[in-house]
Amino acid sequence: MVGMEAYVILSAVLFVLGAMGVMMRRNAILVFMSVELMLNAANLALVAFSRQWSGVDGQVFVFFVITVAAAEVAVGLALIVTIFRTKQSINIDVLHQMEG
Amino acid sequence: MIDVPSFAELNLEVALPGIFLALFTTVLLIVDLFIPKDRKITTAHLTIGALVVAFVLNLPAFNAGETAMNEMFIADAFAGFVNMIVITGAIITVLLSVDYMKRSGIEHGEFYSLLLFSVSGIMFMGSANDLIVVFIALELLSIPLYVMAALRHDDVKSEESGIKYFILGAFASAFFVYGAALIYGATGTTNLPEIFRAIAGADGIVATENSAMIYLVIGAAMVIVALGFKVAAVPFHMWTPDVYEGAPTPVTAFMSVGAKAGGFAGLLRVMIIGLPLLVVNFGDAVETMAIGETITVPSAWQTALWLIAAATMIFGNFIAISQTNVKRMLAYSSIAHAGYILMAVAAVGTVQITKVAENDYTMVAVYAESALNGALVYLLAYTFTNLGAFAVVMSLENNDGSGTMLDDFNGLSKRHPLTAAMMAFFMLSLIGVPTTAGFIGKFLIFDAAIQAGLIPLTIIGVLTSAVSAYYYVRIIVNMYLKDAAVTDEAVGLTPYVNYATIVAFAGTLIFGLFPMLALDLLASSGAQIATLLF
């Protein structure tokens, strides 16, 4: 039987990896994947806690997170495609029209 | 195991304003398909009609004090007030958009649907009584804004603004979900009043040795980070200037008031109802207390919010000084204003502990009510004032997005005396000069902060307000004392924009002269929150 702490630590590691990915990756798609990793780390924690408390609140939350993440994907990919059409690149370093 | 509630038990009628708006928007998307491309003004009229209906529906639900959907949703004075702020703000935004969208060549019927979706998200946020609802409302208000920011799709600035907002917004949402997960892990519930009761514990005092405490503190910190992004607080503000500058101006105007109102509604709900008593370090004071004695301690998150508020006020105001683009200057000014409202949130974190009997304590966040009133009145004042300021900026803006520099305001008082006078009044309100609504908001917030013992923070607030006068007055000087080098007409000064400016001006003036109007509406909010908890 794996202890509760193991799940929380795993989810924390995944979350930190995702956060580092968002900050360090330059490719918009990879940044976006890192955000998804962070959300799924949170989902893992929610499911684990839900089991600990033997309630369904956490699992219900997870369903909502998955649904909302799908909506975010739709908008995010559309934005990335638009920027690719204008810039021929999805490197987020090329986005510096405005400074100051 | 799971009881399926009956339809009547859901008590949907108290959630009617938000539900109506969300449903109407879905229908509007389809109706819009049948409206010919050159008559999109009809969609705008339908949108305003829907907002007016939602405003009326909000009145009976205003003071209901009832929960809906298994206590996930609550209609109280706080929710009603947030609804009023955002519906009024949205009506002004629609008035601003009609001509702007047409002359910039980005007139799409979907714009109004996106705006309404975002509005209903903010309305749900104001009524959220559960972390799940806060999350969904946060996304419902953000996702349409990502699209709206990138609406000017032939302009790379607008696309850039959309994608920057999207990436940082999604990043912040992930923080919120993880923070909510940790709070759930510590308390076993996502319902805000139940979180409050779980934290307060059986004997009325938080068990600091509890291992759940670490989850709670990290969870609260992550929620603050996530909502800090939404309200553009330093150090989570990096996206703000770029997004505000790049997005179409009516969208910027709505973002600066709507997204901020939504973010603060969520932050206030979570902090006031869920986590006010999260005190980590009592020191030795609690052990040595005599029966009947009362001490005041800061909650675990107060110092963090204190620092964020101070940094936000200082940074926002000082960087705004060096801006030459008025749109960008208003972006930094909106960061600074977030700092003032955060000051009110920090004031909630002063907790009073009374020892009633041996091993029996009561803990109360005594300044929650005055802080809440301050924050809400400030948001109301800021909504009118800032939308007004953006309306004037828009009337000077050219079709290609230029014309928003400081020098473009030179000699405005001679070309358009009425517009210039109203702009001057908005600037004075943003500084916080008496007889303007901005003054009332600042006064209430400083008052709450002083009561809560945050004297240094209040001093920083007053000093930075004085600093802000420099860049706001500069616009007045340009309008009245300088002569115009350019003589071109203000292309954006159309009747609709004029109506919007006048509505914003009236709001700023009326709430400045008669603050009791707003305060009376709020009178019952604090008491309601207290009865909800105990």
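Structure notes:
- Spin-label model distance (nm) - B:Asp520 vs B:Val491, 7 Å beyond Cα toward Cβ: 4.6 nm
- Counted charge near B:Thr312, where neighbours are those whose Cβ lies closer than 14 Å (Asp, Glu -1; Lys, Arg +1): +2
- Amide H contacts of B:Met405 (H built 1.01 Å from N, under 5 Å, at least 5 apart or other chain): B:Val326
- Counts of other chain beta carbons within 10 angstrom of each beta carbon in peptide A:44-53 average 4.
- Per-selection Rg to Rh, the protein assembly as shown - Cα, Kirkwood hydrodynamic radius: 0.96
- Mean-position separation - Cα centroids, the range B:232-310 and the range B:408-426, in angstrom: 36 Å
- Shape call, the range A:4-94: gyration tensor on alpha carbons, a/c limit 1.5: oblate
- B:Leu418-B:Ile459 FRET efficiency (beta carbon distance; Förster radius 51 Å; 0.05 resolution): 0.85
- The distance between label points at B:Tyr499 and B:Ile321 comes to 4.2 nm (points 7 Å beyond Cα on the Cα→Cβ vector).
- Extension reserve of the B:Leu12-B:Asn70 stretch, reckoned as 0.36 nm per residue once the Cα distance is removed: 19.9 nm
- Once the convex hull of all Cα atoms in the range B:274-336 is built, its volume per residue stands at 107 Å³.
- Distance from the range B:112-146 to the range B:52-111 (C-alpha centre basis), Å: 11 Å
- Note that the range B:149-162 has calculated 3J(HN,Hα) couplings of 5, 9, 5, 7, 7, 8, 10, 5, 4, 5, 4, 4, 4, x Hz, one per residue in order, obtained from phi through the Karplus relation 6.51 cos²θ - 1.76 cosθ + 1.60 (θ = phi - 60°); glycine and proline are x.
- Cα gyration tensor shape for the range B:72-203, rounded if a/c is under 1.5, else prolate or oblate: oblate
- Buried accessible area, chains B and A (both chains, 1.4 Å probe, Å² to nearest 100): 3800 Å²
- Computed over chain A with a Gaussian network model linking Cα atoms closer than 10 Å, the most mobile of A:Arg26, A:Arg85, A:Arg51 is A:Arg85.
- Evaluating 6.51 cos²θ - 1.76 cosθ + 1.60 at θ = phi - 60° for every residue in the range B:291-303, the Karplus couplings come out as 5, x, 7, 10, 10, 10, 10, x, 7, 4, 9, 5, 4 Hz, glycine and proline recorded as x.
- Taking each of B:Lys260/B:Lys327; B:Lys157/B:Lys482; B:Lys414/B:Lys442 in turn, the alpha-carbon distance tops 25 angstrom for B:Lys157/B:Lys482; B:Lys414/B:Lys442.
- For the segment A:23-36, counting C-beta atoms of other chains within 10 Å of every residue's C-beta and taking the mean gives 2.
- Calculated FRET value between A:Glu5 and A:Arg25, using beta carbons and R₀ = 41 Å, to 0.05: 0.90
- Rounded to 0.05, the FRET efficiency of the B:Glu293 and B:Thr435 pair, given R0 = 45 Å and the Cβ-Cβ distance, is 0.50.
- When the GluC sites (Glu not before Pro) in the range B:324-398 are filtered for DSSP coil states and for at most 15 other beta-carbon atoms within 10 Å of their beta-carbon, the remaining sites are B:Glu358.
- Ellipsoid equivalent to the range B:7-533 - semi-axes via the Cα gyration tensor, in Å: 39, 26, 20
- Chain B: angle of helix B:77-103 to the longest principal axis, Cα-based, in degrees nearest 10: 20 degrees
- Here the contact order of chain A, divided by its residue count and restricted to Cα pairs under 8 Å and six or more residues apart, works out to 27 percent.
- Taking amide H as placed 1.01 Å from N in the peptide plane, B:Asp130 has its amide H under 5 Å from the amide H of B:Leu192, each at least 5 places away in sequence or on another chain.
- Residues in the range B:395-406 carry Karplus couplings, in order, of 5, 8, 6, 7, 5, 8, x, 8, x, 10, 7, 4 Hz; the curve used is 6.51 cos²θ - 1.76 cosθ + 1.60 with θ = phi - 60°, and Gly or Pro positions show x.
The values are calculated or read from the model by the stated rules, or taken from the named source; none is laboratory data. Note that the coordinates shown come from a computational prediction; the quantities given were computed from them, not determined experimentally. Ideal geometry is used to build each Cβ from the backbone, glycine not excepted, and the neighbour counts take in all protein chains shown. For the accessible areas, the whole protein counts, side chains as well, though only heavy atoms, and no ligand, DNA or RNA atoms are used. Shrake-Rupley method; radii C 1.70, N 1.55, O 1.52, S 1.80 Å.
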